[in-house]
Amino acid sequence: MSFDPNDQGSRPRRSRPQLARRDVLRGGLWVGVGLGAAPLLAACGNESSGQVVGGAAPYPLARPDHPVTLPIKDSNPPIGDGLAPESGGAFKILNYADYMAPGVIKDFGKKHGVTVQVTPYNNYDEMLAKIRAPGESFDLVFPGPSVLSKMAYTELIQPLNHSYLPHLKNVWPEYQDPWYDRGAAFTVPYTVYGSGVMYRADRVSEVPQNGYDLIWNKQYAGKVAVLDDYGEAIGMSLLRNGLTTDINTSDPTLVQKATDSLIELIDLVEIKVNINAYSEVPEGTATVHQGWSGDAIASQYYLPKGETPEVLGYWRPKDPAERVIGSDVIAIPKSSQKPVLAHQMINDLLDNAIGLRNFGWNGYQPPLTKLSARYLVDQEYIPANLMNSVVVPGDFATGLTYYEVSPETEALWRNNWSRFKAGA
């Protein structure tokens, strides 16, 4: 199945802006949502486990090995069963730009007699500022798992009523009961993605067992880049150098060593720092580029005329326990004026056909069971040589992921990133 270039809902599209997507994933929102950092710092003594000690923290930190159940408060109940969807007026979405297929948006508005308005944001700081603005309301929002506890405890989002979400059964079982929101009480998954190394297969003669080593290979000097994302870049260096598999570490020595290794790249390969792997690798500007799996999938549509996807390559560790993965989710703001209709759109986005159409637009994979790696390759959405870019359920079950950390740990990582960026 090929993409129809005349279908505005399925035409391949530049992936959404990724810069700063994780700028505030790692703890910088505690003040932004009205939860002061000081009491949380006093309470979160065992950060790696997520266990709260002391009585000041308003919630525990979610971890894969310490899942959380977000509280449903009497002051913020889910909507009742059997309500008719609202119609007329505006249906307001708060989301990254170009993260939902225009054709999907248009069809939904036409079907329900509403004008769908998308308000974009570039990072969670912007998202929270918009959702908390006096007198403002939105019907859907697309955060990441690390900010959900803050948003639930401060009642920025409302619980879901699963009776309106029959398509939730289409989702990987792991995401029907995720560690950051047990029982999917407030969220459903939207996309999943991995982190790895993109490369031009026609220029790279051999991929080492540790594919991260490609970034330190001086043979490709001048055409090597890492992601402009401090978590991804420093985390990758931690893994490449065998320092730790804790990509959220608060150990200053480990973070400094990982950053020092990144600094070596400045002279070794004239390292570049950007988020343009989806275009620079296929166009040949970069030979090796740290990149997200969604950008690897989208890169086939940025090849120069006459070149085929066989010149592209994407590496991730073979062992799912060593893979870095992430996800974005869908939630309904408490301020929603159309919460029944919001449930309807969530249900639509979990439909296999609509999910596939949406994937065709943004290149980021919805965790729907039907849309397996083999299915996407067989249907010609992904060339066989890029199958490694497809995230599988095992990645979620055992992989490495970034989660909420304390402001102290966030500052540690940011300060080291500034050291690297000053030279790069």
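The values are calculated or read from the model by the stated rules, or taken from the named source; none is laboratory data. Quantities reported herein were computed from a predicted structural model and do not represent experimental measurements. Cβ atoms come from the backbone with ideal geometry, glycine included; neighbour counts cover every protein chain shown. Side chains are part of the model used for accessible areas, which takes the heavy atoms of the whole protein and leaves out ligands, DNA and RNA. Shrake-Rupley method; radii C 1.70, N 1.55, O 1.52, S 1.80 Å.
A few notes on this one:
- Portion, in percent, of the accessible area of the stretch 163-277 that falls on carbon or sulfur, probe 1.4 Å: 45
- The 3J(HN,Hα) values that the Karplus relation (6.51, -1.76, 1.60; θ = phi - 60°) gives for the stretch 332-337 are, in residue order, 10, x, 4, 6, 3, 8 Hz. Gly and Pro appear as x.
- Here the Karplus curve 6.51 cos²θ - 1.76 cosθ + 1.60, taken at θ = phi - 60°, turns the phi angles of the stretch 164-177 into couplings of 8, 10, x, 6, 4, 5, 6, 7, 3, x, 4, 8, 7, 8 Hz, with x standing for Gly and Pro.
- Local net charge near A373, Cβ-Cβ under 15 Å (Lys/Arg +1, Asp/Glu -1): +2
- Exposure ranking of I105, I271, I72 by accessible area [1.4 Å probe, largest first]: I72, I105, I271
- Residue range of the chain that is longest and free of GluC sites (Glu not before Pro) which are both DSSP loop and sparsely packed (at most 16 other C-beta within 10 Å): 1-135
- Around the amide H of L227, modelled in the peptide plane, lie the amide H atoms of Q290, all under 5 Å away and 5 or more residues distant in sequence or on another chain.
- Dimensions (Å) - the stretch 173-256, Cα atoms, principal axes, largest first: 50, 35, 23
- The Cβ shell under 12 Å around S87 holds other residues with a net charge of +2, Lys and Arg each +1, Asp and Glu each -1.
- As a size descriptor, the averaged projected area of the C-alpha convex hull of the chain was calculated at 19.6 nm².
- The stretch 304-366 - percent of accessible surface contributed by carbon and sulfur, probe 1.4 Å: 52
- Considering only alpha-carbon pairs that sit under 8 angstrom and 6 or more positions apart, the relative contact order computed for the stretch 62-180 is 41 percent.
- Residues whose amide H comes within less than 5 Å of that of D181, counting only those at least five positions distant or on another chain, are V68 (H built at 1.01 Å from N in the peptide plane).
- Over the stretch 307-424, the alpha carbon radius of gyration divided by the compact-protein estimate 2.2 N^0.38 Å works out to 1.38.
- Normalised contact order of the chain, rounded percent, pairs of Cα under 8 Å and 6 or more residues apart: 27
- Estimated from helical segments only, the mean residue ellipticity of the chain at 222 nm is -8500 deg cm²/dmol, where each DSSP H run of four or more residues counts as -39500 (n - 2.57).
- Solvent-accessible area per residue, Å², over the chain with all protein chains present [probe radius 1.4 Å]: 37
- Computed over the stretch 192-322, the P(r) curve from all C-alpha pair distances, binned at 10 Å from the origin, holds 13, 46, 33, 7, 1 percent per bin.
- Magnitude of the charge dipole, the chain, Cβ model with Lys/Arg +1 and Asp/Glu -1, debye to 20: 560
- Percent of beta bridges antiparallel (DSSP, the chain, rounded to nearest 5): 60
- The stretch 280-349: Cα Rg divided by the 2.2 N^0.38 Å rule of thumb: 1.68
- Counting DSSP beta bridges with both ends in the stretch 74-226, the antiparallel % (nearest 5): 0
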